[in-house]
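The values are calculated or read from the model by the stated rules, or taken from the named source; none is laboratory data. Since this is a predicted model, take the numbers as computed values, not measurements. Every residue, glycine as well, gets a Cβ built from its backbone with ideal geometry; the counts of neighbours run over all protein chains shown.
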Amino acid sequence: MLVPQVAEAAGFEKTGRDEGERSKQEERRLAIVIDDFGNGMNGTEDMLQLPVKFTAAVMPFMPTTKQDAEEAHRRGHDVIVHMPMEPNKGLKSWLGPGAITTDLSDDEIRKRVEDAIDNVPYAIGMNNHMGSKVTADERVMRIVLGVCKERGLFFLDSRTTFKTVIPKVAEEIGLPIVSNHVFLDDVYTEQHIAKQVTELRKQLKSRGDCVTIGHVGPPGKKTAAVLKLSLPDLQNEAAVVKLSQMVNGSMSDPFVLPNP
């Protein structure tokens with residue numbers, strides 16, 4: 001159970017609502033994306049049991065990749081490939097198998113992206129796992145996004161760098177993309193996650209569509225618990241939708257988040 005201070009930090013109101021805000025619910029859409037499925041991570045079942053449809057980002061070539069993708073699909077959630085990509089800081093060994101790095105040849109990048117798509121059942125899109133270095137590299141991203149277009153996948157720019165080239169390249173090749181607006185759990189405490197829910201609600205008031213990313217793994221159970229508590233209020237402010245329902249959204253959103 002969450003402590004009262006967490007509920008307060010998330011901005012929940014005990015009484016009354018602005019009817020004008022409620023009337024805007026149908027105009028606003030919120031897509032929840034949960035990263036890092038595929039490795040039997042903490043909070044996996046908690047997330048799958050959330051009472052809304054969300055988007056499960058599943059890492060390829062991991063012990064529970066197929067199991068998690070198939071179960072998410074069975075429960076009606078969107079499934080996307082959570083493609084490991086080289087960051088500016090950190091070790092390549094953190095990325096896991098099949099990662100995209102900037103030292104790879106064009107052919108090897110293409111092969112790894114195609115293999116990853118083939119490894120994640122029911123995938124209809126892709127987003128980057130880490131990747132602050134790769135998503136700023138136009139050569140690499142032109143190949144990655146090109147394969148996505150060939151395979152009929154959209155791309156979610158997780159926005160892990162201010163220097164992302166994804167909107168530019170996607171617009172040039174005609175690939176549908178969406179962009180992240182709020183990371184929920186970059187700090188693994190309920191108080192921080194609740195604070196990010198407050199930021200999410202602020203974002204919803206200023207835009208029609210909003211995407212938020214959480215994770216299974218170290219923060220998994222905490223993130224699931226805060227989301228479960230938050231959903232009634234969030235659903236009064238926006239329609240909670242799967243990411244695929246937003247693929248025709250903005251391709252040039254300037255909001256970028258400070259992630260590695």
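Odds and ends about this structure:
- Within segment 166-190, considering residues that are among the hydrophobic types (A, V, I, L, M, F, W, C), farther than 16 Å from Gly125 by Cβ and in contact with a Ser or Thr (Cβ under 7 Å, 6 or more places away or on another chain), the one surrounded by the most Cβ atoms within 10 Å (Cβ to Cβ): Leu184
- Pairing residues of segment 76-104 that are of a type in the set (Lys, Arg) with residues that are in a loop (DSSP other than H, G, I, E, B), at Cβ distances under 9 Å and at least 6 apart in sequence or on separate chains, gives Lys89/Ser132; Lys89/Lys133; Lys89/Pro260; Lys92/Glu86; Lys92/Ala99; Lys92/Thr101.
- Selection of segment 59-102 for residues being assigned to a loop (DSSP other than H, G, I, E, B), surrounded by fewer than 20 Cβ atoms within 10 Å (Cβ to Cβ) and among the small types (Gly, Ala, Ser) yields Gly76, Gly90, Gly96, Gly98.
- The lone exception for Val58 - which of (1) among the aliphatic types (A, V, I, L, M); (2) within 22 Å of Asn236 (Cβ to Cβ); (3) touching a Ser or Thr at 6+ places or on another chain (Cβ under 7 Å); (4) modelled with pLDDT of 95 or more it fails: (2)
- Strands (runs of 3 or more DSSP E) lying entirely in segment 162-250 (those with 3 or more residues that are at pLDDT 95 or above and touching a helix residue (DSSP H, G or I) at 6+ places or on another chain (Cβ under 7 Å)): 209-215
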